[in-house]
Amino acid sequence: MVTMEDYPDIETEWCPGCGNFGILKAIRKALVSVGKAPHEVLIVSGIGQAGKLPHYMKCNTFNGLHGRTLPLATGSKAANHDLTVLTVGGDGDTYGEGGNHLIHAIRRNPNITAIVHDNQIYGLTKGQASPTSELGMKTKVQTHGVVNTPLSPLSLAVSLDCSFVARGYAGNIEHLAGILEEAIKHRGFALVDILQPCVTFNKLNTFKWYAERVYRLDEEGYVPDDRIKAFERSLEWGDRIPIGIFYKKEKPTFEDGFGTLGEGTLISRPKDQTLVEELIDSFM
Amino acid sequence: MVTKGKLEMEKMVVVEGSYAVAHAVKVCRPNVISAYPITPQTHIVEGLSQFIADGEIQNCEYINVESEFSALSALVGSSAVGARCYSATTSQGLELMHEVLFNVSGMRMPIVMTVVNRAVSAPINIWNDHQDAISQRDTGWIQLYAEDLQEAADMTAQAFKIAEDEEVLMPVMVCMDGFILSHVYEPVVLLEQELTDEYLPTYKPLNILDPKKPMSFGTLADPNYYTEFRYLQQKAMENALKKIEDAANEFYDMFGRYYGGLTDKYQTGDADIILVAMGSIVGTIKDTIDKLRQKGVKVGLLKVRSFRPFPAEAIKEAIKDAKVVAVLDKNISLGLNEGALFTEIKSCLYNTENRVPVVGYMIGHGGRDIRMSTIENIISEAQEVMESGIRKESQFTDVREEIL
C-alpha cells in the first residue's frame, strides 16, 4: 500500500509561507489516495518557481524548458501510457510561454493532469506581471500597472471542451487534494488551475484576499456536467471566486486514437524490423 | 580602456552594470523596447521600464509580451515601420529567438539587443559563459563583446550607430557577461544625452512600410534571387568591419574613451606569447600579464571585440610576430572539441605564410570561476609549446576529474 512515507519531505528553496507548500502537500496526498507508487508516476515541469516542484518529489521527474511541459509530457505518455503523468508549471510557464501548447494539449486530450501554480506573478524573475496578473497591478516592469486583459484559464479550457476543468486553492489543502485525486483518476486531459498566493511578490492576491473570496462549488450543489454553466462559473471573478470541479466530460483520449497502444506500451514492444526491411526492399 | 586626457572622476557614479546599459539605451532614444524577463537580464528591462515610467524616455513604448519569441517578433513589426528598436535577453531566451534572429537580419533591420551571456540548458545553469551567443553565430547579427561595465554601456551607442549605417543595416548584439558584468557595481561615466545626440543622430530608416510608398517585407525569394540576398548580407558584414572601427574612433573623439575597434591589443608589441579572448575574462588576463611581465615573461593579449564580422585581417596583423598563440573560449563546439574563436583563428591563418602554433582552451563553462592561477598555467603551457611544439591542440580547462 502506498503511504505518505513513500513521498517524503525534501528540503525546498521556496520562500517561507509560499502557496507552493500547500500544492506540494496536496499532490502527495492525491497520489497516495489513488495508490500510485513513486515509480509509477512521472512529474514534468518547466521553468519558474513551480518548475522546481519535481526536485522536491520522490518519483520520476523531468525538468524541461520554459513553457514546454505539455508537449514533453504528451511524448512520454505516447511512448509509455502506463505512466501516471502529471505536469506542473506556473501561470507564466503554462499560460504565457507555453500558452500555445495548452490549447493543442486540450484538443489532443492525452491522459495527463496539468497542475498550474497560478500566483498571478513571475516569481523566479522576482516580480513581473504574468498572463493572469490583474489589470492595474504595478510591478517593476509594469510601472504604470498591467494594461493587458488577464487570461481566464478556466474559460479558455471550457470553451475548448477540455475534458476536465477545475480550480483549487493552495490555502485549502484537503479540498485541493480531492480535486487532484479526481483529476488523476479522470481519463483525459485535466487542467487544474490553483490559486497560489505569492507572499513575496504579489501583494494584491494574498492568502487573506483569497480567504475572503473563495467558495466551494460542491457546497452549492453544483454539478460539473454542463458546459454552458461551467463557462458562466468560469467568468465569476471578484467578490466571490469559485473553486472545485467546473466541468467534466468523457471523451476519447489521445491514446485511444492510436489503436496500436491497446496492445501495450510502445517501449515494451519487441523491436522487430523485419517488416520495415521488407517494406523498404519492396521499393528497391 | 584608453582615455583622452584624464578620466573625468567627478562624472563617475557607482552603478550596477545593468543600470549602466539601461541608461545607455535611454540616451540612444529608442522608440520601441520589447523584452521578456529572464535571469540575469531582468535588471536591464526593469531599469528601462522605470525610465519610461518616470517620463525620461520620450516617444517610446515598452511592449510586454509572453515570450522572447514574441519580444523580437514585435520589434520586427516596429522596425518595419521605421522605429529604433531595442531588446535584451540571454541564454534560453536567445535560443528561443533563433528563428526570428534570421528574420531580422534577412530583412536588414538595425535592431540592437543586449545579450547578457549565460550558459545554455540542459543542465539548467544561470551563470556565465558564451555558448548562447556563439550558437547564434551564423544568424547574420553583428556580435560585439564588452570587457567591462563602461564598455558595455558605451558599446550600446556604438551598436546603434553601426547597425543604422546605410552601408550596414544589420542587427547588432552587444554581449556582456552575465552577473560578472550585469550585476556588478563599478564606477562608470553615464553617457551624456547631449553628446549622445550628437554622436547618434536621429534614425532615418531607408525602407519602411508607409502607405504613401507601399512596399513588402519578408516576401518569398525563389532560387533565382535568394543567393543575392545572402551575398548582400555578407557584403554588409564586410562593410561593418570599417564601420565598427569608425564608430569606436568617433566615440573616442567625442566621449574620450576607447577600447579598440574590431580588436584591442595589450602588451603585444614584443610578445612571444599572445593570448586571445573576448568579454570580461580580458580583465583577468591583463592582470596576469602585468604580474608575469614583472618576471620577464613576454606575454600579451589580443582582445576580440567583434566576433561577427570576424576581423581576420586585424587578427593576422596582431599575431604576426608571436611565437605561440593561445585562444581562450567560453564555449565549445561539441564534437569538434574546440571553441569557436580558436577554430576561426586557426582557419584564417591556414593559407598564409604564418605558421605560428595556435592552441585552444575551453574555459569558464556555466560560470566556473577563472582565476589568475589558471591563466598562468595556460601561459606556462604556451611556453612549453613554444619550446617543444604542440602536445594538445585544444582542451578543456579545470575539469574536475574526481567527479567524472
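The values are calculated or read from the model by the stated rules, or taken from the named source; none is laboratory data. Predicted, not measured: the structure shown is a model, and the values here were computed from it. For neighbour counting, all protein chains shown are included, and Cβ atoms are generated from backbone atoms with ideal geometry for every residue, glycine included.
Details
- Residue check for B:VAL25: more than 10 Å from every other protein chain (Cβ to nearest Cβ), under 25 Å from the mean Cα position of the chain (by Cα), surrounded by 24 or more Cβ atoms within 10 Å (Cβ to Cβ) and in a helix (DSSP H, G or I): yes
- Residue within segment B:95-112 that is within 13 Å of the chain's Cα centre (by Cα) and either farther than 25 Å from B:LYS204 by Cα or touching a residue at least 24 places away in the same chain (Cβ under 8 Å) (or both) present: yes
- Criterion violated by A:ASP256 - all others in (1) without any contact (Cβ under 8 Å) to a residue 60 or more places away in the chain; (2) under 23 Å from the mean Cα position of the chain (by Cα); (3) not in a helix (DSSP H, G or I) satisfied: (3)
- B:PHE217 vs. criteria within 26 Å of B:GLY178 (Cβ to Cβ), in a loop (DSSP other than H, G, I, E, B) and aromatic (Phe, Trp, Tyr): no
- Close Cβ contacts (under 9 Å, 6 or more residues apart or on different chains) running from residues in segment B:280-298 that are within 14 Å of B:ASP270 (Cα to Cα) to residues that are at pLDDT below 95 and surrounded by fewer than 19 Cβ atoms within 10 Å (Cβ to Cβ) are absent.
- Top-ranked residue in segment A:129-175 [being over 23 Å from A:ALA114 (Cβ atoms) and touching a strand residue (DSSP E or B) at 6+ places or on another chain (Cβ under 6 Å); ranked as surrounded by the fewest Cβ atoms within 10 Å (Cβ to Cβ)]: A:THR139
- Within segment B:38-115, helices (runs of 4 or more DSSP H) holding 1 or more residues that are more than 9 Å from chain A (Cβ to nearest Cβ) and within 19 Å of A:SER130 (Cα to Cα): B:42-53, B:68-80
- Some residue of segment A:108-126 being on the phi > 0 side of the Ramachandran plot and away from chain B (no Cβ under 13 Å): yes
- Pairs where the first residue, in segment B:1-21, is modelled with pLDDT of 85 or more and the second is surrounded by 12 or more Cβ atoms within 10 Å (Cβ to Cβ) and among the basic types (Lys, Arg), C-beta under 6 Å, 6+ apart: B:THR3/B:ARG257
- Evaluated against (1) buried (at least 20 other Cβ atoms within 10 Å of the Cβ); (2) within 13 Å of another protein chain (Cβ to nearest Cβ); (3) in contact with a helix residue (DSSP H, G or I) (Cβ under 8 Å, 6 or more places away or on another chain); (4) not acidic (Asp, Glu), B:SER121 falls short on exactly one condition, (1).
- Exclusive hit being more than 9 Å from chain A (Cβ to nearest Cβ) and in contact with a Pro (Cβ under 8 Å, 6 or more places away or on another chain), set B:VAL14, B:VAL2: B:VAL14
- Cβ-Cβ distances below 7 Å connect the following pairs, each with a first residue in segment B:217-235 that is within 20 Å of B:PRO205 (Cα to Cα), a second residue that is of a type in the set (A, V, I, L, M) and part of a helix (DSSP H, G or I), and a separation of six or more residues or different chains: B:PHE217/B:ALA80.
Quick grid of which residues meet (1) farther than 21 Å from B:SER380 by Cα; (2) surrounded by 14 or more Cβ atoms within 10 Å (Cβ to Cβ); (3) in contact with a Pro (Cβ under 9 Å, 6 or more places away or on another chain):
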site	(1), (2), (3)
B:ILE289	no, yes, no
B:LYS298	no, yes, no
B:VAL324	no, yes, yes
B:ASN354	yes, yes, no
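- Residue under evaluation B:ALA314, criteria (1) part of a loop (DSSP other than H, G, I, E, B); (2) under 18 Å from the mean Cα position of the chain (by Cα), criterion not met: (1)
- Restricted to strands (runs of 3 or more DSSP E) entirely inside segment A:1-94, those with at least 3 residues that are surrounded by fewer than 20 Cβ atoms within 10 Å (Cβ to Cβ) are A:60-63.
- Residues in segment B:229-254 that are in contact with a helix residue (DSSP H, G or I) (Cβ under 8 Å, 6 or more places away or on another chain) and either closer than 10 Å to B:GLN158 by Cβ or of a type in the set (S, T, N, Q) (or both): B:GLN233, B:LYS243, B:ILE244, B:ALA247, B:ALA248, B:GLU250, B:PHE251.
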